[in-house]
């Protein structure tokens, strides 16, 4: 059976976000341990970067994960700040050329719909050692806004369901249920998903539309997407992630706050 490494974000002197005597580091550790229990019940071997309240740098976490060895890594966080949506939110971060990680993020997001979560997207990050320097598919997940009373209430009331749904999403990624799933998974290992460039966020549609006009003048196909209470501009649709990276870099050079997403 596969092996999964769970990383509880922050720890020790690094509390993460803090709100009304509640520390993100504690939420992350509690959830990581509970996810691990559900994975073990499914026969999955589990390793942890930390099981107590200790500080570890990103590089140390990556080294621990590589030493433990695994088939998939999930780094668990809460989303910083408050929400502008009526639904609990999710963000996922993966490295480049990360088809299996993207599959895992999508599966986890799909499972968490049962607990009311809305997936804001899968964002490619090249500057995070934990998801780029480990020798396994790696996902960093932000689960619910930490400074939202509503989302904390949802998080606490559905805590066990959330952990079980995340475990199921990982399990679906690593253990195909039948031959058709195995074929689909192998194809996704090879080609991944479409890649798009996201620009934003913007607080109003008009603000997004003004920037959309400027990007369209550069020759790109664009559309405006509303996620929660924010607006984003989606640019292009690329099979090859290298093509998407070139566009993302170009937009940054022109001063846009851009990032890569996978759909």
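Quick note: the coordinates plus some simple rules give every number you see, no bench work behind them. Just so you know, these numbers come straight off a predicted model, no measurement behind them. Because the Cβ atoms are built from the backbone with ideal geometry, glycine has one as well, and the counts that use them run over all protein chains shown.
How much length is gained on full extension from residue 53 to residue 128, taking 0.36 nm per residue of separation minus their Cα-Cα distance?
Working: separation 75, 0.36 × 75 = 27.00 nm, distance 2.17 nm.
Taking 0.36 nm per residue and subtracting the Cα distance, the gain is 24.8 nm.
Model label points for residue 160 and residue 210, set 7 angstrom from Cα along the Cα-to-Cβ axis, are 5.2 nm apart.
The modelled label-to-label distance between residue 40 and residue 203, using points 7 Å beyond Cα along the C-beta direction, is 4.8 nm.
Any idea what the relative contact order of the chain is, in percent, if you count C-alpha pairs under 8 Å spaced at least 6 apart?
After rounding, I find 20 percent.
With neighbour counts taken as other beta-carbon atoms within 10 Å, the residues 143, 249 rank, fewest first, as 249, 143. Between residue 223 and residue 80, the C-beta separation translates, for a Förster distance of 35 Å, into a calculated FRET efficiency of about 0.80. Against the chain, whose longest principal axis comes from its Cα atoms, helix 241-253 is set at around 60 degrees. The order of 117, 254, 234, going from fewest to most other C-beta atoms within 10 Å of their C-beta, is 254, 234, 117. The candidate values are (i) -0.32, -1.28; (ii) -0.41, -1.55; (iii) -0.41, -1.39; the one derived from this structure for log10 I(q)/I(0) by the Debye sum over Cα atoms at q = 0.09, 0.17 Å⁻¹ carries the label (iii). To the nearest 0.05, how large is the calculated FRET efficiency for residue 60 and residue 20 if R₀ is 30 Å and r is the Cβ-Cβ distance? That gives a FRET efficiency of 0.50.
Taking only C-alpha pairs under 8 Å that are 6+ residues apart, what is the relative contact order of the stretch 194-262 in percent? Each step should come with its number before you reach the end.
Values: 112 pairs, mean separation 32.2, N = 69.
That works out to 47 percent.
Angle of helix 205-216 to the longest C-alpha principal axis of the chain, folded into 0 to 90 degrees and rounded to 10: 70°. Where does helix 179-191 land angle-wise versus the long Cα axis of the chain, in degrees 0 to 90, nearest 10? The angle comes out near 50 degrees.
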